[in-house]
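Written out below as structure tokens is the structure these notes cover.
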Amino acid sequence: MKNITCFVPFQSEQQVQPTVQNLSKQALVAEVHYIKGDIRSTENMRAIAAQSHTPYTLIYTKYTTLSFVLFALERMEALMEDSGAAKRAGDRLPDGCPA
């Protein structure tokens with residue numbers, strides 16, 4: 001099942017293509033989106049939240065090529081599942097939690 005939506009910073013087609021190709025080869029990756037400008041900006045964070053329709057979101061923050069070791073995303077997903085990692089947006093708190 002494709003459980004991960006990925007976001008990568010965009011400077012140029014030449015810079016981003018190797019990372020997109022590596023992510024696209026991963027069985028768990030549903031979509032890969034580009035982020036232009038400051039990845040930490042409110043505008044980009046809102047865009048990431050709006051475009052993430054899978055249980056998990058991977059936000060890559062570097063401009064260098066992302067490559068994987070064998071079963072890296074599968075291990076990451078298993079860790080998140082086994083640890084009960086939160087599957088909610090950071091701006092939504094459970095009832096009763098102080099903001």
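FYI, it's all coordinate maths here, none of it is from the lab. Here the structure is a predicted model, which means the values were calculated and not measured. Here Cβ is always computed from backbone atoms with ideal geometry, including for glycine, and neighbour counts include all displayed protein chains.
For the chain, find the longest principal axis of its Cα atoms and tell me its angle to the long axis of helix 42-51, 0 to 90°, nearest 10. In the chain, helix 42-51 runs at an angle near 90 degrees to the longest axis.
For Cα pairs less than 8 Å apart in space and 6+ apart in sequence, what is the mean separation divided by the residue count of region 4-83, i.e. the relative contact order in percent?
It rounds to 45 percent for region 4-83.
Hey, what angle do you get for helix 72-83 against the long axis of the chain, alpha-carbon based, 0 to 90 degrees rounded to 10? Around 0 degrees separate the two axes.
Assuming R0 = 41 Å, can you tell me the calculated FRET efficiency for the pair F71 and Q51, based on Cβ-Cβ distance, to the nearest 0.05?
0.95
For F7, F68, the sequence from fewest to most other C-beta atoms within 10 Å is F68, F7. Computed over the chain, the per-residue total of -39500 (n - 2.57) for DSSP H runs of n ≥ 4 gives a 222 nm mean residue ellipticity of -10500 deg cm²/dmol, rounded to 500. If you model the chain as an ellipsoid using its alpha carbon gyration tensor, with each semi-axis the square root of five times an eigenvalue, the axes come out at 24, 19, 10 Å, biggest first.
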